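Structure, as structure tokens:
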Amino acid sequence: MDFRTRLGKRVLLLDGALGTEFYSRGVFINRCYDELNLTSPELVRAVHRDYVAAGADLITTNTFGANRVRLQPFGLDARMIDINRAGVRLARECAGSKAMVAGSIGPTGARLTPVGRLAPGEAYVAFREQARVLDEEGVDLFLLETFTTLAELWQAVRAVRTVAKHTPIVTCLSFNYDTRGELVEGEDPAHAARIMSEWGVDALGVNCSNGPRVVLDVIEKMAKETSVPLIASPNAGLPQVVEGRTLYLAAPEYMAEYARRMVQKGALIVGGCCGTTPSMIREMRSYVRSIMPVQRAVTGDDTPSVEPLVTSADAAPAAEPGLPPVPVAERSAFAKKVSEGRFCVSVELDPPRGLDPAKSLDGAAFLYDHGIDVINIADGPRAVARMGPMAMAQLARQRCGIESVIHYCCRDRNLLGMQMDLLGAYALGMHNVLAVTGDPPKMGTYPNATAVFDIDSIGLINSLRLLNRGLDFSGRPMEGQTKFFIGAGCNPAHVELEREVARYGEKIAAGAEFFFSQPIYDPDVLNRFFELTDKFPKRPFFVGILPLASLKNAEFLHNEVPGMQVPERVLNRLRAADTRQDQRRVGVQIARESLAEAHAHPRVKGAYIYPPFGSYEAVLKVIEAVPELKDRVAEAKERIASGTAKEA
């Protein structure tokens, strides 16, 4: 599949830096790195192979500075053809059938007249010579990168079009901002996007610059001005000199998080420039795939290729095929309670990390005896390996009869495994499912584990809806139909609230029938979310309640966990508590108040409680803030005292 076809279907991952990788592997900074194609081909191969292994879809040739003007100061201008030819061949050898080869062309390094001494025509000739060699060697596309002026970039585009009329062209400008956020060098991003859009290039955008934050800002500005696909390839932050060596100190997770944000802002190609390493590209792949799921197909030579399956944009089909779904109230006891308007409480139950589920089962029995409507069991949250939620749900039901909402995560299974799991869960009586995309493996106990992400939570919701209509994940009829009560998650405090609201609507369109929210500490945050989502069809909303364990815990959630907001007034109440035990009591009281306030809102139909400090007894103290829930707990305690507590 060619570049244009792939770009039209999914996000593509560009490789990272070549020059700084050579530098980190012992090549002096004053060398001509393009010459390494001839003098140290194995080193060039090693870097290319590392990027292919990291999952890059596009491998750039080591020819960034291999135009005649830039080679001349090194006395290598006569070897321009050999250097470029070797650059393509080395990249092609390493890419194989796993990646496409992008012919890299950088600026001449000289300023064009009238500012400098290089005539535009001279630049055009230099670019044309280089482009001819790259085209003859068969690059899949041209990557014109790190240009700072539209004038010189236009000469490169003209040159490429002269020798390769049909090969895709991707253009990148670099922007230099000062610490006040003012543009020091480079074109205005919005103006640049409009001009490049008129050139008929296949993608345009930004690379290098001052790091991820600047590149994200530039992408946001460009996205408003053009419909041409965007590329974002930042430096790994600003370089620092450590013991005489120039180093880029950004962490892989930092680069990956910004890659995710760039995709969310519209970038269809992401990668890295100076300082970006194979480990960063590997991490980017995991993060990007968590929001842009793909389907793995197998080609004739058994080489995995990547194609799109279900995304937010096509989650809801135009027509409803298959059988009519079973009415919600008939799908499970929990669904019946929700349909009848009962204010339900779900409490999260943690499966064990090992083999002994006794503590978890004791917790399930305690919650069941005290009138909790349903437990919910997470599926490897934070990418930490625990006993699977289906096994835990089955054990809990055998122990005491309590019903579960099982979380189901897209990270760890391909489509085949997902359908098999869910049909098996349904056969065992697990009808309540919360669809989640899942955290990247890097966050958890097995950071090198492979993330699958064939689909995201929206795709999974749509697939569950198909099962409820008697259709398998591919839309083909199957024997019978499921009766899943389909849930989804949401985060009213998300830092990118506009996107979260949009996905909330997409989840409803895909088939979500109830929502569990992330913990809320500020009623204004919840009210704002309800205002923004009021335009969508109403679905039962379970507000997340997580009692704070201490001031330290609250500060961590507020400062370190994306999307969590703990108001200053709450932090001050915790600061006023003298001991950790006092802080716990304050944390429970704050949770009680949050639940009482949320209960008063007509959109809130239930509560999703996280056991504070692992204490299920403390859950009762929280829910007793709501009179009707307090009455249920009191009745349950009376049954227990009289020996007529619920039995399995």
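Read the figures in this text as sums done on the coordinates, not as results from a lab. Just so you know, these numbers come straight off a predicted model, no measurement behind them. Cβ atoms come from the backbone with ideal geometry, glycine included; neighbour counts cover every protein chain shown.
At 10 °C and a viscosity of 1.306 mPa s, what translational diffusion coefficient does Stokes-Einstein give for the chain, taking Rh as the Kirkwood radius over Cα pairs? Give it in µm²/s as a whole number.
The diffusion coefficient I find is 58 µm²/s.
Note down the nm distance, to one decimal, between modelled labels 7 Å out along Cα→Cβ at ARG639 and at ARG580.
So the two model labels end up 3.6 nm from each other.
If R0 is 35 Å, what FRET efficiency do you get for HIS601 and LEU423 from their C-beta distance, rounded to 0.05?
0.40
How would you rank VAL206, VAL622, VAL566, going from fewest to most other Cβ atoms within 10 Å of each one's own Cβ?
Least to most surrounded, the residues fall as VAL566, VAL622, VAL206.
Report relative contact order for the chain in percent, whole number only (criteria: Cα-Cα under 8 Å, sequence separation at least 6).
9 percent
Quote the FRET efficiency, to the nearest 0.05, computed for ARG476 versus ALA391 with a Förster distance R0 of 25 Å and r equal to the Cβ-Cβ distance.
The formula returns an efficiency of 0.30 here.
I'd like to compare 324-336, 99-111, 588-600: which one has the highest average count of other Cβ atoms within 10 Å, and what's the full order after that?
99-111, 588-600, 324-336
Provide the gained length on full extension for the span GLN264 to LYS630, in nm with one decimal, where the gain is 0.36 nm per separating residue minus the Cα-Cα distance.
Residue separation times 0.36 nm, minus the Cα-Cα distance, leaves 127.4 nm.
Looking at this model, which pairs from LYS605/LYS630; LYS336/LYS507; LYS221/LYS265; LYS552/LYS621 are more than 18 angstrom apart at the alpha-carbon?
LYS336/LYS507; LYS552/LYS621
Given points 7 Å out from each Cα along the Cα-Cβ axis, report the ALA329 to THR450 separation in nanometres with one decimal.
Going from the ALA329 label point to the THR450 one covers 4.8 nm.
Roughly speaking, what is the stretch gain from ASP534 to GLU496, that is 0.36 nm per residue apart minus the C-alpha to C-alpha distance, in nm to one decimal?
Residue separation times 0.36 nm, minus the Cα-Cα distance, leaves 11.9 nm.
Quick one: which of 537-547, 263-273 comes out on top by average Cβ neighbours within 10 Å, and what's the full order, highest first?
The packing order, highest mean first, is 263-273, 537-547.
With each run of n ≥ 4 DSSP H residues scored as -39500 (n - 2.57), what mean residue ellipticity at 222 nm is computed for the chain after dividing by its residue count and rounding to the nearest 500 deg cm²/dmol?
-13000 deg cm²/dmol, from helical runs alone.
GLU220 versus SER197, label points 7 Å from Cα toward the beta carbon: distance in nm?
With each label placed 7 Å out from Cα toward Cβ, I get 1.9 nm.
May I ask you to derive the FRET efficiency for LYS98 and VAL125 from their Cβ-Cβ distance with R0 = 30 Å, giving the value to the nearest 0.05?
The value I calculate is 0.30.
In the stretch 16-58, whose amide N lies under 20 Å from the spot 7 Å out along Cα-to-Cβ of ARG89? List them in ranges.
Backbone N within reach: 33-49.
Among 365-373, 22-30, how do they line up from the highest to the lowest mean number of other beta-carbon atoms within 10 Å?
My ranking of the peptides, most packed first, is 365-373, 22-30.
Based on the inverse mean of 1/r over its pairs of different Cα atoms, what is the Kirkwood hydrodynamic radius of the stretch 313-640, in Å?
In the stretch 313-640 this quantity evaluates to 20.3 Å.
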